[in-house]
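**Student:** Following this message is one structure expressed as structure tokens.
The values are calculated or read from the model by the stated rules, or taken from the named source; none is laboratory data. All of these numbers come straight from a predicted model, not from anything done at the bench. Cβ atoms come from the backbone with ideal geometry, glycine included; neighbour counts cover every protein chain shown.
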Amino acid sequence: MRFRSAGYTPLMLLAQTCALLGFACYAVVLTTLQEEWHLSNLQSGLIASAFFFGYMLAVPLATALTDRVDARKVYLVGGLSATLGLLGMAFFAVNFWTALIFMAINGAGLAGTYMPGLKILSDRIQTGELTRHIAFYTAFFGIGTGFSYLCSGWILSALGWHYVFGIIALGPFSAFLIVLLLIPPLQHEKWKGPIQIRLHDIFPVDKWKLVLQDKNASGFIFGYTAHSLELFASRSWLVAFFAFCTAVTGETFLLAATTLAGVINFFGVPSSILGNEIALRIGRQKWICIVMVTSAVLGIALACSTGQSWWLIFALAVGHAIFIMADSSTLTAGLVISAKENIKGAAMGLHSLMGFGGGLLGPAIFGFMLDISGSRATQSSWIWAYASVVIWGVLFVIYERRNGWGSKTSR
């Protein structure tokens with residue numbers, strides 16, 4: 001069966017949406033498990049971070065394999081791994097330590113689907129503007145996570161937290177089936193003979209050094225790290241923040257906290273796509289700097305909004321989500337375009353590794369700041385927590401602007 005190259009994009013967008021359905025399961029049940037398992041805020045944040053730790057462990061191998069074999073094969077393994085991690089949370093997680101293990105397996109599964117899914121597209125798209133396909137692919141991260149909040153919240157309220165993970169496991173399994181049945185293999189396999197993956201292939205330090213020596217490419221990678229730290233910390237703790245706001249004011253939000261979090265994530269989709277279009281016109285580096293500073297301001301404003309009307313809190317949360325995601329596709333597309341062809345695979349691997357390294361640190365830093373500044377009981381504790389994750393984007397902008405990263409815009 002043969003498809004036109006553009007026909008692969010809708011299929012991979014659907015597959016990615018399904019694969020990401022497990023992304024927000026833990027964020028939705030965080031406060032429930034915190035009470036049931038008597039967890040501190042740091043422990044709660046570490047469980048969220050375990051997801052990204054699993055991702056970081058698996059992504060170097062996954063990206064190395066995509067340079068040797070059809071990325072489709074890597075994707076299939078990743079879909080099954082994510083499914084097993086979610087099922088493990090549903091049936092076998094009973095405390096902090098077991099949750100760490102199964103969340104890490106779930107994260108490793110995402111490592112096998114997210115960047116390999118992008119590689120599936122880049123290997124098959126022969127015509128058109130590749131950066132626009134990349135922009136849609138990265139933007140649909142918000143679609144998948146938005147539905148993850150919505151579906152997980154509905155299941156939690158109806159059936160309980162065990163069912164959240166058990167039923168949502170159908171998502172990555174569906175992604176597995178979509179790629180297995182509807183994405184044909186490459187006609188010419190990249191690698192002939194037995195596959196030999198050495199440690200140097202998994203961690204291509206020499207190639208990573210070349211990537212980091214390129215000031216343009218390394219800027220996109222460090223920017224993605226700061227972006228991911230803020231993004232995933234915010235997403236991990238947003239439902240808990242809404243619960244705190246409700247407790248402070250005694251005013252019920254128009255929708256359930258999990259539903260609001262899902263709706264807010266959807267705003268990131270057009271934001272990422274439109275952000276890439278703006279960046280093409282005014283310059284990627286300039287747009288990224290504007291977005292990161294604005295996102296930091298809105299994050300602090302959101303933390304200061306506790307005790308205010310729900311509509312103001314919701315509006316600030318939407319604004320924060322929009323500007324967190326406004327540079328997402330720009331950062332990834334900028335890296336893909338700027339990296340030299342002979343090290344592009346290594347550059348994409350390092351980009352993903354460091355980005356989700358930021359995702360690993362973000363939720364834990366946020367939870368740690370809550371513990372040492374009031375343990376979710378005061379407005380000041382949330383202000384300090386938000387400040388601890390938005391500051392990295394501001395520091396990135398200051399550092400890169402001083403070192404001339406934005407002196408020549410990449411169009």
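**Student:** Could you tell me which of the residues Ala261, Ala303, Ala279 is under 23 Å from Ile365 (Cβ atoms) and crowded, with 23+ Cβ neighbours inside 10 Å? Step through it out loud before you land on a result.
**Tutor:** Numbers: Ala303 fails: crowded, with 23+ Cβ neighbours inside 10 Å; Ala279 fails: under 23 Å from Ile365 (Cβ atoms).
Of Ala261, Ala303, Ala279, the one residue that is under 23 Å from Ile365 (Cβ atoms) and crowded, with 23+ Cβ neighbours inside 10 Å is Ala261.
**Student:** Please identify the pairs in which a residue from the range 270-291 that is at positive phi and of a type outside the set (D, E, K, R) has its Cβ atom under 8 Å from the Cβ atom of a residue that is in a helix (DSSP H, G or I) and surrounded by 15 or more Cβ atoms within 10 Å (Cβ to Cβ), counting only partners at least 6 apart or on another chain.
**Tutor:** Gly283/Gly406
**Student:** Out of the residues in the range 178-218 that are of a type in the set (Asp, Glu) and more than 30 Å from Arg284 (Cα to Cα), which is modelled with the highest pLDDT? Working first, answer last.
**Tutor:** Of all residues in the range 178-218, those of a type in the set (Asp, Glu) come to 189, 201, 206, 214.
If we keep only those that are more than 30 Å from Arg284 (Cα to Cα) as well, we get 189, 201.
Values: Glu189: 61, Asp201: 65.
Per the criteria, the residue is Asp201.
**Student:** Based on what the data block shows, is Phe314 more than 21 Å from the chain's Cα centre (by Cα), among the hydrophobic types (A, V, I, L, M, F, W, C) and either within 15 Å of Ser218 (Cβ to Cβ) or surrounded by 18 or more Cβ atoms within 10 Å (Cβ to Cβ) (or both)? Even if it seems obvious, please write down each step before you answer.
**Tutor:** Details: more than 21 Å from the chain's Cα centre (by Cα): yes; among the hydrophobic types (A, V, I, L, M, F, W, C): yes; either within 15 Å of Ser218 (Cβ to Cβ) or surrounded by 18 or more Cβ atoms within 10 Å (Cβ to Cβ) (or both): yes.
When the stated conditions are applied, Phe314 passes them.
**Student:** Within the range 318-335, how many residues turn out to be under 23 Å from Lys209 (Cβ atoms) and in contact with a Lys or Arg (Cβ under 7 Å, 6 or more places away or on another chain)?
**Tutor:** Matching residues across the range 318-335 total 1.
**Student:** Taking the range 45-76 as the search range and keeping residues that are touching a Phe, Trp or Tyr at 6+ places or on another chain (Cβ under 7 Å) and more than 25 Å from Trp97 (Cα to Cα), which one is surrounded by the most Cβ atoms within 10 Å (Cβ to Cβ)?
**Tutor:** Across the range 45-76, the extreme among qualifying residues is Leu76.
**Student:** Can you find even one residue in the range 95-114 that is in a loop (DSSP other than H, G, I, E, B), under 22 Å from Thr32 (Cβ atoms) and free of Cβ contacts under 8 Å to residues at least 40 places away in the same chain?
**Tutor:** Step one: list which residues in the range 95-114 are in a loop (DSSP other than H, G, I, E, B), which gives 95, 112-113.
Those left that are additionally under 22 Å from Thr32 (Cβ atoms): 95.
In the following step, the residues that additionally are free of Cβ contacts under 8 Å to residues at least 40 places away in the same chain were identified as none.
Checked against the condition, which is being in a loop (DSSP other than H, G, I, E, B), under 22 Å from Thr32 (Cβ atoms) and free of Cβ contacts under 8 Å to residues at least 40 places away in the same chain, the range 95-114 yields no hits at all.
**Student:** Still on this structure, I have one more. Taking the condition of being among the aromatic types (Phe, Trp, Tyr), surrounded by fewer than 17 Cβ atoms within 10 Å (Cβ to Cβ) and closer than 14 Å to His162 by Cα, how many residues in the range 81-105 meet it? Before the answer, list the steps.
**Tutor:** First, pick out the residues of the range 81-105 that are among the aromatic types (Phe, Trp, Tyr): 91-92, 96-97, 102.
Then drop every residue that is not surrounded by fewer than 17 Cβ atoms within 10 Å (Cβ to Cβ), which leaves 91-92, 97.
Subset that is closer than 14 Å to His162 by Cα: 91-92.
Number of matching residues: 2.
**Student:** Shifting gears a bit: List every residue pair whose Cβ atoms lie under 8 Å apart, where the two residues are 6 or more positions apart in sequence or sit on different chains, the first residue falls within the range 389-411 and is under 20 Å from Ala279 (Cβ atoms) and basic (Lys, Arg), and the second residue, located anywhere, is modelled with pLDDT under 95 and surrounded by fewer than 22 Cβ atoms within 10 Å (Cβ to Cβ).
**Tutor:** Lys408/Asn216; Arg411/Leu280; Arg411/Gly283
**Student:** What are the pairs, 6+ residues apart or on separate chains, where a residue within the range 138-163 that is closer than 30 Å to Ala326 by Cβ has its Cβ under 8 Å from a residue that is surrounded by 22 or more Cβ atoms within 10 Å (Cβ to Cβ) and of a type in the set (Lys, Arg)?
**Tutor:** Within 8 Å, the pairs are Thr145/Arg235.
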